[in-house]
1. Is there a quick way to get the dipole size of the chain? I mean about its Cα centre, with the Cβ of Lys and Arg at +1 and of Asp and Glu at -1; what is the value in debye to the nearest 20?
2. Explain nothing, just compute: Karplus ³J(HN,Hα) = 6.51 cos²θ - 1.76 cosθ + 1.60, θ = phi - 60°, for every residue of the stretch 318-330 in order, whole Hz, x for Gly and Pro.
3. Quick one, can you get me the convex hull of the C-alpha atoms of the stretch 287-360 expressed as volume per residue in Å³?
4. How high is the FRET efficiency from T381 to T14, r the C-beta distance, R0 22 Å, rounded to 0.05?
5. What order do you get for M252, M346 when you list them from fewest to most C-beta neighbours inside 10 Å?
6. Taking 0.36 nm per intervening residue step and subtracting the Cα-Cα distance, what contour gain separates V75 from A238 on full extension?
7. Bin by bin, in steps of 10 Å, what percent of the Cα pairs in the chain do you find, going until the bin that has the longest distance?
8. Going by the alpha-carbon gyration tensor, a ≥ b ≥ c the square roots of its eigenvalues, is the stretch 152-237 rounded (a/c under 1.5) or, if a/c is not under 1.5, prolate (a/b greater than b/c) versus oblate?
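Bear in mind that the values in this text are calculations on the coordinates, not laboratory data. Here the structure is a predicted model, which means the values were calculated and not measured. No Cβ is skipped: glycine too gets one built from the backbone with ideal geometry, and neighbour counts run over all protein chains shown.
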Amino acid sequence: MSILTWLEPADDDTVAETLAQSFRQRFGVAPDGVWAAPGRVNLIGEHTDYNGGFALPLALPHRTYAAVRLRDDGVLRIASAQQPSSWEGRVEEVGPGRPQGWPAYVAGVVWALADRLPDGLGLDVLVDGHVPLGAGLSSSAALSCSVGVAVRDLVRGLAGLSDADLAAACVRAENEVAGAATGGMDQTVSLRAVDEHLLLIDARDHSVLPVAWTLPGHEVLVVDTRAHHSLADGQYAARRDTCERAATALGMGSLRELDPGRLEDADVRRALADVPDGMARVRHVVTENGRVLDLVGALQEQDAVLVGSLMTGSHESLRDDYEVSCRELDVAVTAALGAGALGARMTGGGFGGSAIALVDREDVELVAGAVAEAFADEGLTEPHFLEAAPSRPAGRVAPRPTG
Ligand code: GAF
C-alpha cells in the first residue's frame, strides 16, 4: 500500500514568528500582531444554515494566520505567503466585486465594518493559510475571520463588538464583496467555537450551544478528495434560490417552519409543484434538521452506532435529494463504510471537497488506506487525510494575549 498523506495543523508560535519576519521583509515594518482563525468540519446539518435550520460543526486545529498592521492613510495592502497575487488599493475602492479573488475576503471585512471604523483607517495584511484550499473545510471563512478578529483587537471602538456581530460582518464580506452566497455556519464556528466541543448552531436566532464529544474511542477522519470545490460558482446559489422559492410557495419565511410531519401532505406537494426539484430539496432540508437534533441526542447517549447511521443518512439525502455530492465524495463514503467506518458523509457545500467518516480510533489508518486504495482503483487523484480534533476559536497568537 502506498504511503498516505496526512495534513497536520501548523504550530502557532512557529508560524507567527516566520510570518512576522516575512511581513517585515515585505512591508518594511513589524506587524501589530498575528491572529489565527480555524477552518471547520461539519459533523451534520448541511445546507440548513441559509434555511434557518441547525448545524453541528467543529473548529479544526488547522488555521489561517494573518499578520496585520493598522495604517492611518486609508490604504489596504494585502498579500499572502502562498498566493502569487496580491492587492493594493484604497478602502473606498472596496465594494461588491472589488477586489476580485482571495483578497476580497480580507478587504470585504474592512468594507463590512466600515461604519464602525475611524476615518482613514487602512491595513497591511500578510496571510498564511494552513486550512487546505478548496477542500470544503472553510478556508475562506478562516481567512476573513482571522482578519476580523485582528481588526476588532486593534481598533479601540470595536472592543464591544460581539462574536456574533463580527461573524455577521464576515458573512457580508463573503456574500457581498466576494460574491459567494453562503450561509453563516462557517464564520460562526470559526469565531464562536468552544475548544474540544462541537457547536450546535441554530441559524434562526444565531444562538449556539457547545456539545461535548462523548465518543473518546472514535475519531472523525477527514478525506480531502482534492476534487475542485468552489462556492462562488452557480450550483450553491441555485440550491439556495430553490429553497427560497420553495419557502415562498409554502407561505413561509424559511423552510425551518415546515413541520416534518407535513412533508407528505397533498397541500405541500401542490404548493411545491411549480418549483423545479422543490420537493426533493425541501425533503433534504427538513429531514436534515431532524438528523442534527437526533445526533446531538445520540452523542448524549454515547451511541456511536446511531451517530454513524445518522451521518450516512445525511450523505444519502445530500446525494439523492439535494444532489450536491459527486463521484469522489461517493467513492470516499462507500470505501470508508466498507472498511468499517460507523458512518460517513460529505461535509460542507459539496460538488467536491471533503468527506468525513466516524471511525474507531484503532481503525483510522485502515479506513484511510481503504479510501486511498479505492481512489487509486477508480483512477482518481490521491486523496489527503486529516484528523478532526475539535479545536478552539479565532484569536490572537502573537504577541500572546495576557490574562
Ligand atoms: C458552505 C457554506 F459556506 C455554509 O454556509 C453552508 O451552507 C455549507 O456550505 C453547507 O452546509 O460551507
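1. It comes to approximately 1100 debye.
2. Each residue of the stretch 318-330 in turn: 5, 6, 8, 8, 8, 6, 10, 8, 7, 4, 4, 5, 5 Hz.
3. Measuring per residue, one finds 74 Å³ for the Cα hull of the stretch 287-360.
4. Computed FRET efficiency for T381 and T14 comes out at 0.15.
5. M252, M346
6. On the way: separation 163, 0.36 × 163 = 58.68 nm, distance 3.59 nm.
Full extension of this stretch gives 55.1 nm more.
7. The distribution over the chain is 5, 23, 32, 25, 12, 3, 0, given as percents.
8. It is oblate, given that a/c is not under 1.5 and a/b is not larger than b/c.
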